[in-house]
Amino acid sequence: MAKTVKRVHNFYSGPAALPLSILQQAQAELLDFNGTGMSIMEISHRSKDYEAVHNRAIELLKELLGIPAGYDVLFLQGGASLQFAMVPMNFLAPGKKAGYVMTGTWAEKAYAQAEKLGEVFIAASAKEGNYRRIPSPGELNYGPDTAYLHITSNNTIFGTQWQSFPETGAVPLIADMSSDILSKPFDVSKFALIYAGAQKNLGPAGVTVVIIRHDLLDRANKKVPTMLRYETYAKDNSLYNTPPTFNIYMVSLMLAWVKEQGGLAALHRRNQEKAALVYDAIDASNGFYVGHAQPDVRSLMNITFRLANEDLEKKFLDAAKQAGFVGLAGHRSVGGCRASAYNAVPYESCLALRELMFTFQKENW
């Protein structure tokens, strides 16, 4: 008799929802991958069986994002938090200054790490107003000699998202895309470096994807320790040491799933439809629910809102838990509520959340 699988409405911000079909495929292949008689977790990273998985993940990412020639795709560890330090270690040269656009907590953390390693400045900030907006292109203040300009494409805690990216000319544009990569099409060629922790849209926690342009790689600091140099990973196809093989395998499955869904354009339409369900519930509530982000920069990935007071928020979160929802509490630093509707979160979960919000409002207005 087949076992019934219990699945909740998962709105965790990361680690986050994965498609059930991907979990089932990994389960089916767990003991015997590709007829090897071994789990993918037991196979040498030097073997042909693993290298095929590794290279397939790179090929799929290049295909889905339309990554042009002249870029390398790397697999690292340490999450975005390690990238906060690796970026300035490699690219913030003496006598240069790096610009950071402050749009939330993770931008602040990236800035704080860079500040330990060289000269940095705030190119623009949305902190006044508690990060409800994204600075306009006209607000960005940096010179042609800037080492690089760093942005955070989507802000998980405050629920804001860049709707278009700045044109920076000869100044390298670097982005933390941990929470919205693969959620919509964009022009990779605008960026010198993109990094993204996997645990939101790419797969499970434990691997970080880096997309880096060759000319930036060529100018990297050669005196950085081996494992903190992007060149180390680029030269050996991210196989200098043992990579997180199971996590990269899961990324490969996720990328194949994205392709099966119709690619980034199709997922973007679906993400817009999913987010609209929840934002419409907020906007139609006559102030019962109050969204944090300004409407023109609302994130499709992280929908943030408050209720009238903390007691009512607790009551709402308790009701959601009883109804089979998880992950709706806001970040511990700001409180409130947050629904993270990443690619793998089903439309049905967002619809169910909308209905819960309407019902709760009716019963508690």
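The values are calculated or read from the model by the stated rules, or taken from the named source; none is laboratory data. Just so it is clear, the structure is predicted and the values come from calculations on it, not from any experiment. Please note: Cβ atoms are built from the backbone with ideal geometry, for glycine as well, and neighbour counts cover all protein chains shown.
Brief remarks follow.
- Scanning the stretch 201-217 for residues that are part of a loop (DSSP other than H, G, I, E, B), crowded, with 22+ Cβ neighbours inside 10 Å and either touching a Phe, Trp or Tyr at 6+ places or on another chain (Cβ under 9 Å) or of a type in the set (Asp, Glu) (or both) yields a count of 3.
- Residue that is buried (at least 19 other Cβ atoms within 10 Å of the Cβ), out of contact with any strand residue (DSSP E or B) (no Cβ under 9 Å at 6 or more places or on another chain) and among the hydrophobic types (A, V, I, L, M, F, W, C), where the choices are Leu356, Leu328, Leu277: Leu277
- Residue within the stretch 43-52 that is crowded, with 16+ Cβ neighbours inside 10 Å, assigned by TED's automatic domain parsing to the domain that holds Val210 and assigned to a helix (DSSP H, G or I) present: yes
- Members of the stretch 301-312 found to be assigned to a loop (DSSP other than H, G, I, E, B) and crowded, with 16+ Cβ neighbours inside 10 Å, listed by number: Met301, Leu307
- Residue, surrounded by the most Cβ atoms within 10 Å (Cβ to Cβ), within the stretch 124-149, restricted to residues that are of a type in the set (A, V, I, L, M, F, W, C) and out of contact with any Ser or Thr (no Cβ under 8 Å at 6 or more places or on another chain): Ala147
- Search result, residues across the stretch 268-294 that are over 23 Å from Gly104 (Cβ atoms) and part of a helix (DSSP H, G or I): Arg269, Arg270, Glu273, Leu277, Asp280, Ala281
- Residues located in the stretch 313-344, provided they are over 13 Å from Ile303 (Cα atoms), part of a loop (DSSP other than H, G, I, E, B) and modelled with pLDDT of 95 or more: Ala323, Gly324, Asn343, Ala344
- Where a residue in the stretch 290-318 is closer than 20 Å to Thr156 by Cα and touching a residue at least 24 places away in the same chain (Cβ under 8 Å) and its partner, wherever it lies, is of a type in the set (Val, Ile, Thr) and assigned to a helix (DSSP H, G or I), with Cβ under 8 Å and at least six apart: Gly291/Ile282; Ile303/Val278; Ile303/Ile282; Phe305/Ile282
- Test: Ser164 is modelled with pLDDT of 95 or more, surrounded by fewer than 19 Cβ atoms within 10 Å (Cβ to Cβ) and outside any loop (DSSP other than H, G, I, E, B): no
- Residue in the stretch 296-308 that is at pLDDT below 95, out of contact with any Pro (no Cβ under 9 Å at 6 or more places or on another chain) and farther than 23 Å from Asn201 by Cα present: yes
- Scanning the stretch 1-30 for residues that are part of a loop (DSSP other than H, G, I, E, B) and either in contact (Cβ under 8 Å) with a residue 24 or more places away in the chain or within 21 Å of Gly206 (Cα to Cα) (or both) gives Val8, Phe11, Tyr12, Ser13, Gly14, Pro15, Ala16, Ala17, Leu18, Pro19, Leu30.
- Failed item in (1) out of contact with any helix residue (DSSP H, G or I) (no Cβ under 8 Å at 6 or more places or on another chain); (2) of a type outside the set (Phe, Trp, Tyr); (3) more than 21 Å from Thr226 (Cα to Cα); (4) in contact (Cβ under 8 Å) with a residue 12 or more places away in the chain, with Gly66 passing the rest: (1)
- Where Asp296 falls short, out of the listed (1) under 23 Å from the mean Cα position of the chain (by Cα); (2) closer than 22 Å to Ala52 by Cα; (3) surrounded by fewer than 22 Cβ atoms within 10 Å (Cβ to Cβ): (2)
- Selection within the stretch 87-108 - in a helix (DSSP H, G or I) and over 18 Å from the mean Cα position of the chain (by Cα): Pro88, Met89, Asn90, Phe91
- Boolean, Ala114 is in contact with a strand residue (DSSP E or B) (Cβ under 8 Å, 6 or more places away or on another chain), in the same structural domain as Glu231 (by TED's automatic domain parsing) and assigned to a strand (DSSP E or B): no
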